[in-house]
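Colleague: Once you've had a glance at the structure underneath, I'll fire off some questions.
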Amino acid sequence: MLRFSFSHFKKYMTKSEIFHKFASILSLATLSIVMFFGLMSPSYAELVEDKSYITDSFVTEIQANEDYSFDVTETIDVDFITPKHGIFRYIPVSTGEYKVKNVKVIGDDYDVSSNYDSNKKSIEIKIGNKDRVLNGKMQYIIKYKIVGIKADKASRDFLKLDLLPTEWNTSIGNAKSTLKMPKSVNWKDAEIFYGSYGSTSKLNDNNSKFKISSDDKQITVSAMGLNAFEGVSIRSYLDNGYWVGAKNYDSSKNIISILFILFATLTFILWWLFGRDPHFVRTIEFYSPENMTPAEIGTFIDGKVNNADMTSMIVYFANKGYMKIEDIDKENFRFIKVKDIDQKEKPFAKVLFNSIFKEGDSVTTKSMPKDFGDKFAVAKDSLRGLFTGDNKVFSTGSTVAKWICSALLVVLAVTIVTLSVSVSGKIYYILFSVALILFIVLGLAFSSIVVYGKNSLSKKQRSGYLFFGVLSLLISSFIIAVLSIKVVQSNMLGLISVLCFVISSIFIIIMRARTKKSADLYGRIIGFREFIKTAELNKLEALVEEDPKYFFNILPYAYVFGLSDKWIKNFEKIKIEQADWYSSSNEFGMYNMFIYANMMGSMSKSFENTIASQASSISSDIGSGGGFGGGGFSGGGFGGGGGGAW
């Protein structure tokens, strides 16, 4: 089973590890999108005429209305040579240009459904009864309304309509279409195309197959012996103001910018009310405040229980004289129990210590008890439980506000994609929804890690998370910019949408306030961290003289702060006795203080490998219409489509 959680981004990952983790997620996302493309891609089948029935006539009567809608009546006469249940008719729908509604069939049972194929939607009308078969001649009358949609009120008025379908799967003995307009039209400016879908062949008076007659408000096109998959389309520019009261997406265009502005305002208000830290005073501390263990400090500083926090307890145990550590190699350590853990230690510490030595007083990281992973998780839960109720790190209000805003941002992303699909008519824009949500989540997650881990991450780790956080949000901003500009058709409004998105993201990232009690303790812990980072030589010498083990006592705290190397470097000019609880096969390394930092990093990774291998072992046991742009073609208007018998 493949599972992913942002908690898997451990506190002490190298920049390379962060990159590979991010690359893995990105690869999975890319694969998902590619698979989605595959599912949405159109399938092309060879067009084969159906010889099992004959279409004697196909007559359409179209009444155009001033509001850019068309009432269509189709009368289809067929002759079933072999038994059939009835016929089907499908009509392509261009979401951003027109809709089909009020479908009705006179004199027979029928069912209407919507089908999607790639970036095309169609209305399918299935006429007949599955429990009944028909032979011989039948007549079907289909009525429906086409509602045209203008890009905006200011766009030029235009006529674009399929008079006869281009994908009807039999020849038609007598084909005729009559279009009645609400006002006069100069038909000389009209272009009429015929043929299969995509054909650019134009009708003219010399084409003996077709007859065209017209007056000011009406045009009729008829033909005898129309071939299968051959239709007729018309397109023409009209006088400005020809269509009155036509549906448009002006309101939808404005709503995107309005939604982003409202959302940015909401996130600011929620941050102001719930997301700001209470005032706290930073005090210089030479020891852990409140006698907190390094794991408690690591958890408190960022509100998360990480494996690195738990690993720091090993050196804590060794400093307390409970155990010794032997470095066998980079991936394996031996722990030797010296005495039982003091019962005054925190419950999580006792669970962790006892789980290590459950099966004996000597154990290596590669030979841990089989249930060590479970006990490790129990210890983490116990540690997490120390920061609940009155001791919780962050306020409930800020946490709830952060989740609400994060969820609303995802909803807003889906909304903008939905509006883009509605306005553009391109269903494959849904793919942007997948990518947009992915990068928003990654951007918020990585950036939040940087903000709340600023006191526990090293400079390299912060730069790694920051890089991917900013990159994800930049990609999100780019997608929003493209979609916004596509919808609102205004660079300024598109820029406003992106700016509001960035502002909202910033407030969401920083929207997590500490409680008053937590803030007071935070001031002391930050002071403790600052001392570890900037301690002066004279003060360190005095502390070492007072406590010869001071360096090692503070080392696990430096580790959870991400300051191990800095802490060790502070002692370059101070003579420190080697730890009596640590031995290494690399004797040369014993005289290099940085071996302790390497030890803790290697030990943390070794623990994680052990837990991962146990988890792996357990899980294996368990088991077609054209757009306005470009030239015209047959099948490139409103309606059209095709059909056949079933």
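Derivation of every value follows stated rules applied to the coordinates shown; laboratory data play no part. Computed from a predicted model, the values in this text were never measured in an experiment. In this analysis, Cβ positions are derived from the backbone assuming ideal geometry, glycine residues included, and neighbour counts consider all displayed protein chains.
Colleague: For segment 59-247, what's the radius of gyration and Dmax over Cα atoms, in angstrom?
Modeller: Every Cα atom of segment 59-247 included, Rg and Dmax give 17.1, 53 Å.
Colleague: If the cut-off is 21 Å between C-alpha atoms, which lysines fall inside it for residue 130, apart from same-chain ones fewer than 8 positions away?
Modeller: 51, 84, 104
Colleague: Quick one: order 48, 451, 560 by neighbouring beta-carbon count within 10 Å, fewest to most.
Modeller: Going from least to most buried by this count: 48, 451, 560.
Colleague: Are there any trypsin sites (Lys or Arg not before Pro) in segment 282-338 that are in a DSSP loop and have at most 14 other Cβ atoms within 10 Å? List them by number.
Modeller: In loop regions of segment 282-338 (DSSP not H, G, I, E or B), the sparsely surrounded trypsin sites (Lys or Arg not before Pro) are 282, 330.
Colleague: Going by average Cβ neighbours within 10 Å, how do the peptides 546-553, 290-297, 257-264 rank, with the highest at the top? List each step's numbers first, then the result.
Modeller: Details: 546-553: 16.1, 290-297: 20.6, 257-264: 18.4.
Per-residue mean Cβ counts within 10 Å order the peptides as 290-297, 257-264, 546-553.
Colleague: I've got another one for you. Which pairs, out of 211/247; 454/605; 330/549, put more than 27 Å between their alpha-carbon atoms? Before the final figure, lay out each step's value.
Modeller: Working: 211/247 33 Å; 454/605 21 Å; 330/549 25 Å.
Too far apart for the 27 Å limit: 211/247.
Colleague: Give me the net charge for the shell around residue 289: Cβ to Cβ below 12 angstrom, other residues only, Lys and Arg +1, Asp and Glu -1.
Modeller: Charge balance in the 12 Å sphere: -1.
Colleague: Mind sorting 230, 572 by how few other Cβ atoms lie within 10 Å of their own Cβ, fewest first?
Modeller: Least crowded to most crowded, the residues run 572, 230.
Colleague: So which trypsin sites (Lys or Arg not before Pro) in segment 132-171 are both in a DSSP loop and have at most 12 other Cβ atoms within 10 Å of their Cβ?
Modeller: Qualifying residues, ordered by number: 132, 153, 156.
Colleague: Scan around residue 584 for amide H atoms under 5 Å from its own, H built in the peptide plane at 1.01 Å from N, and keep only partners 5 or more places away or cross-chain.
Modeller: 327
Colleague: Run the simple label-point estimate for residue 47 and residue 418 please: 7 Å along Cα→C-beta, distance reported in nm.
Modeller: Going by the 7 Å Cα→Cβ label model, 3.6 nm.
Colleague: In nm, give the distance between the simple-model label positions of residue 104 and residue 183, each being 7 Å from the Cα along the Cα-to-Cβ direction.
Modeller: Reported label-point gap for residue 104 and residue 183 is 2.9 nm.
Colleague: OK, next. Can you tell me the length gained on complete extension of the stretch residue 273 to residue 338, counting 0.36 nm per residue apart and subtracting the Cα distance?
Modeller: 18.2 nm is the gain from fully extending residue 273 to residue 338.
Colleague: Using r as the Cβ-Cβ distance of residue 572 and residue 400, and R0 as 51 Å, what FRET efficiency do you calculate, to the nearest 0.05?
Modeller: Efficiency, rounded to the nearest 0.05: 0.60.
Colleague: So who's got an amide H within less than 5 Å of the one on residue 231, skipping anything under 5 residues away but keeping other chains? H placed 1.01 Å off N, in plane.
Modeller: Amide H to amide H, under 5 Å and 5 or more residues apart or across chains, residue 231 pairs with 195, 196.
Colleague: May I ask for the net charge around residue 144, where only other residues with Cβ less than 10 Å from the Cβ of residue 144 are counted and Lys, Arg are +1 while Asp, Glu are -1?
Modeller: Overall, the nearby charge balance is +3.
Colleague: Which of the residue pairs 160/217; 304/366; 346/375; 160/183 have a Cα-Cα distance greater than 18 Å in the structure shown?
Modeller: Where the Cα-Cα span goes over 18 Å, the pairs concerned are 304/366.
Colleague: Now a separate question. Please give the FRET efficiency for residue 329 paired with residue 463, using the beta carbon to beta carbon distance and R0 = 30 Å, rounded to the nearest 0.05.
Modeller: Values: r = 30 Å, r/R0 = 1.00.
Efficiency, rounded to the nearest 0.05: 0.50.
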